[in-house]
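As structure tokens, the structure follows; a few thoughts come after it.
The values are calculated or read from the model by the stated rules, or taken from the named source; none is laboratory data. Everything numeric in this text was worked out from a predicted model, so none of it was measured. Glycine gets a Cβ as well: all are built from the backbone with ideal geometry, and neighbour counts include every protein chain shown.
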Amino acid sequence: MRQVRALKHRVVVLLALLALQAMGVGLCLFGADARAETPRVLVVHSYHQGQAEHVVEMTKGIEEALAGADCQLRYFHMDAKRNTAEAWKRAAGQKARQIVAEYRPQVVIAMDDIAQQYFAKDYAGAPGPPWFVFGGVNDDPAKYGFPAVNVTGVLERPNVVESVELLLKIRPEVKSLLVLADKSETTDPLIAYCKTLNLPVRVVAYEQPLTLEAWKATLARYSGQIDAIGLYVIRTIARSAADPTKVPEQELVRLINEQYRLPTVGFYDSAAESGVLCAVSVSMWEQGRAAGQIAREMLAGKRPGDFTVTPTDHGRIQLNLRTAEQLGMQLPYNVIKRADVVIR
């Protein structure tokens, strides 16, 4: 009889979970039970759930860090990469605050700068719990009031020097570089950070085109003046001033490869996948896992002040052999052998 009751209980729990998923709640359970008193963790992502090489990898890292922990895990995705309007981001931040009030998590993990700017910073300095853990932050965390008595986290510092050094292993003759990025809360800090670095090449300019027309005009303006192009997050460039549809990054890179035939180096997670020749990106999986590990230790009794805010340090070497072939380049075998991501 007890076995029958236990089976019925599991069925009821499973049906409830399926209903929650159907409503888009995004609830995952860790541990043996879903009791109301089970500690709750809320993860707020700045971008959409299916963003490959970024949100997907961060989520994997978080879940690996929390595997086996006795907690409930819920997600909210602000979707602010596909929807860049100020009103959308403010509304998404308000929705996240509403979820905090209703869900009452013990720990909140906020990933990427938009989640800090429009959500997590509003809680900085408040008595916890909830405790807050940030990850994927490119800007100075002090901009958001972090760290604070209730906030700690993990920094993201792009591997710009390492990426350029990788490019020079492939094309040692490169002397000058144009850096292109979109205009966003993520890319502005990157450009400021790049300007503090002692790079082994000369950066001719940093440009942040807003539209496809501006992208083409920028490339034409610097044609003949540069040996290579550096790229960082090119996901919010609009089709035109009248059409806010975002141009796929693959299309933007393809234009460089086909019309200018210049080597490209990326500083972001999906660089090789989008057609960039080479890159050393931050591991989004490591960002998620580091934030998740802090959350796990907080559930076990630690407080934000017990942690030091530091960047993760594992870089992912990316290569696109199709692009190399298109540009008539032969990549050294020792470089290919060390790569984490190889597009063939």
* Asked: When you go through Glu297, Glu325 one by one, which is the residue that is assigned by TED's automatic domain parsing to the domain that holds Ala272 and not hydrophobic (A, V, I, L, M, F, W, C)?
  -> Glu325
* Assess whether Pro158 counts as being farther than 19 Å from Gln293 by Cα and without any contact (Cβ under 8 Å) to a residue 24 or more places away in the chain. => no
* Please work out which residue is nearest to Asn159 (Cα to Cα), limiting yourself to the range 217-252 and to residues that are assigned to a helix (DSSP H, G or I) and of a type in the set (A, V, I, L, M). => Leu252
* Test result for Leu210, within 22 Å of the chain's Cα centre (by Cα), modelled with pLDDT of 95 or more and surrounded by fewer than 24 Cβ atoms within 10 Å (Cβ to Cβ) -> yes
* **Tabulated pairs, the range 201-217, first closer than 11 Å to Asp182 by Cβ, second outside any helix (DSSP H, G or I) and among the charged types (D, E, K, R), C-beta under 7 angstrom, 6+ apart or interchain** => Gln208/Asp182; Gln208/Lys183; Leu210/Lys183
* To do: Please enumerate the residues belonging to the range 309-344 that are among the β-branched types (Val, Ile, Thr), in a helix (DSSP H, G or I) and in contact with a helix residue (DSSP H, G or I) (Cβ under 7 Å, 6 or more places away or on another chain).
  => Thr323, Val335
* Quick one: is Thr196 free of Cβ contacts under 8 Å to residues at least 12 places away in the same chain, surrounded by fewer than 18 Cβ atoms within 10 Å (Cβ to Cβ) and not assigned by TED's automatic domain parsing to the domain that holds Met58? -> yes
* Quick one: in the range 291-308, which of the residues that are of a type in the set (A, V, I, L, M, F, W, C) and crowded, with 17+ Cβ neighbours inside 10 Å is nearest to Phe134 (Cα to Cα)? -> Ala291
* Qualifying positions in the range 92-123 - among the hydroxyl-bearing types (Ser, Thr, Tyr) and either closer than 14 Å to Gln72 by Cβ or touching a Gly at 6+ places or on another chain (Cβ under 7 Å) (or both) -> Tyr103, Tyr118
* On the given criteria, is Arg235 surrounded by 15 or more Cβ atoms within 10 Å (Cβ to Cβ) and at pLDDT below 95? -> yes
* Residue list for the range 291-308, filter: in a helix (DSSP H, G or I), out of contact with any Leu (no Cβ under 9 Å at 6 or more places or on another chain) and within 17 Å of Cys71 (Cβ to Cβ) -> Ala291, Ile294, Glu297, Met298
* **Subset of the range 294-336 (residues that are modelled with pLDDT of 95 or more and of a type in the set (D, E, K, R))** => Arg296, Glu297, Lys302, Arg303, Asp306, Arg322, Glu325
* **Number of the condition not met by Pro127 [criteria: (1) in contact with a Ser or Thr (Cβ under 8 Å, 6 or more places away or on another chain); (2) free of Cβ contacts under 8 Å to residues at least 24 places away in the same chain; (3) of a type outside the set (A, V, I, L, M, F, W, C)]** => (1)
* Pro127 vs. criteria at pLDDT below 95 and either in contact with a strand residue (DSSP E or B) (Cβ under 8 Å, 6 or more places away or on another chain) or farther than 25 Å from Ala192 by Cβ (or both) -> yes
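Based on what the data block shows, is Met284 crowded, with 19+ Cβ neighbours inside 10 Å, closer than 30 Å to Val44 by Cβ and under 15 Å from the mean Cα position of the chain (by Cα)? Full working, then the answer.
On the way: crowded, with 19+ Cβ neighbours inside 10 Å: yes; closer than 30 Å to Val44 by Cβ: yes; under 15 Å from the mean Cα position of the chain (by Cα): yes.
Here the answer is yes, as Met284 does meet what is asked.
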* Asked: If Ala85 satisfies every condition in (1) farther than 19 Å from Gly135 by Cα; (2) aliphatic (A, V, I, L, M); (3) in contact with a Leu (Cβ under 9 Å, 6 or more places away or on another chain) but one, which is the exception?
  -> (3)
* Quick check: is even one residue across the range 269-276 farther than 27 Å from Pro189 by Cβ, part of a helix (DSSP H, G or I) and of a type in the set (Ser, Thr, Tyr)? -> no
